[in-house]
Amino acid sequence: MGAMRTGRTHGILSRAAVVVAVVVVALMMSPGSACACTCVPREPATVVKDSSALVFGTPVSVSEDGTARRYRVDVRQSYKQRVPQTITVVTSSSSAACGVPLEVGEERLLVLGGSAGGSAPSEGEWGASLCDNTTNLSLGDAALYAGPAIEPYADSDDREPRPIVVGVFVAIAALVAVPGAIMWRRVRQRRAHPQSDD
């Protein structure tokens with residue numbers, strides 16, 4: 001009879017262990033855990049190098065459409081490339097999908113160009129990921145790894161103005177046009193006054 005009780009107790013404990021194991025496995029495989037944003041720690045220099053641009057500015061408004069948040073950001077200065085005075089930054093509306101939570105009215109440094117957490121930026125928009133923006137980058141780090149700050153250009157410009165490039169083209173055109181005009185004039189003079197072969 002003692003052997004029967006021991007067998008029943010052992011069977012109950014075995015079933016309880018199986019149930020506990022199933023519950024633990026189910027919790028580990030739940031969507032909440034599987035979909036959490038996981039970021040690999042990176043050095044500030046690597047974050048800056050891998051970014052498209054960094055901006056120091058203030059989110060002034062936000063709109064949400066499904067899984068994406070779009071922040072309108074007034075840019076005070078940028079690094080790596082020149083950007084408009086106002087840009088749209090797209091990120092996931094969920095921090096579990098690596099969305100960057102921004103506070104409207106709070107000036108901050110933003111790393112741009114990364115994945116927007118499954119939300120694709122449209123043309124002219126910038127993506128931002130929580131993984132790129134978790135590193136505590138300072139303005140000093142931005143200047144150290146990306147170079148000096150760049151002033152934004154006016155929103156009315158379709159693209160970044162390039163006065164240096166325009167000046168180079170004008171100089172090249174002048175170098176080609178002036179000698180060409182001199183040669184053309186000499187050819188016309190020779191045709192107008194042919195020399196005799198006496």
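The values are calculated or read from the model by the stated rules, or taken from the named source; none is laboratory data. All figures in this text were calculated on a predicted structure; none of them were measured in a lab. Here Cβ is always computed from backbone atoms with ideal geometry, including for glycine, and neighbour counts include all displayed protein chains. Please note that ligands, DNA and RNA were not included when accessible areas were found on the heavy atoms of the full protein model with its side chains. Shrake-Rupley method; radii C 1.70, N 1.55, O 1.52, S 1.80 Å.
Gly105 meets the conditions (1) modelled with pLDDT of 95 or more; (2) in a strand (DSSP E or B) in every case but one. The failed one is (2). Of all residues in segment 53-68, which are at pLDDT 95 or above and surrounded by 14 or more Cβ atoms within 10 Å (Cβ to Cβ)? Scanning segment 53-68 gives Ala53, Leu54, Val55, Phe56, Gly57, Thr58, Pro59, Val62.
From the list Asp74, Asp132, pick out the single residue that is of a type in the set (Asp, Glu), on the phi < 0 side of the Ramachandran plot and outside any loop (DSSP other than H, G, I, E, B).
Working: Asp132 fails: outside any loop (DSSP other than H, G, I, E, B).
Only one candidate qualifies: Asp74.
Among the residues of segment 7-16, is there at least one that is open to solvent by 70 Å² or more (accessible area, probe 1.4 Å), at pLDDT 50 or above, of a type in the set (Val, Ile, Thr) and over 15 Å from Asp132 (Cβ atoms)? Checked segment 7-16: at least one residue is open to solvent by 70 Å² or more (accessible area, probe 1.4 Å), at pLDDT 50 or above, of a type in the set (Val, Ile, Thr) and over 15 Å from Asp132 (Cβ atoms). Taking each residue of segment 128-152 that is more than 22 Å from Tyr71 (Cα to Cα) and looking for partners that are of a type in the set (A, V, I, L, M) and modelled with pLDDT under 90 with beta-carbon atoms closer than 9 Å, six or more apart or interchain, yields Tyr145/Leu137. Of all positions in segment 72-95, at least one carries a residue that is open to solvent by 10 Å² or more (accessible area, probe 1.4 Å) and in contact with a Cys (Cβ under 7 Å, 6 or more places away or on another chain).
Considering segment 113-145 alone, what residues qualify as being in contact with a Pro (Cβ under 7 Å, 6 or more places away or on another chain) and either of a type in the set (A, V, I, L, M, F, W, C) or modelled with pLDDT of 90 or more (or both)?
Taking segment 113-145 as the starting set, the residues that turn out to be in contact with a Pro (Cβ under 7 Å, 6 or more places away or on another chain) are 127, 135, 137, 141, 145.
The answer is Gly127, Leu137, Asp141, Tyr145.
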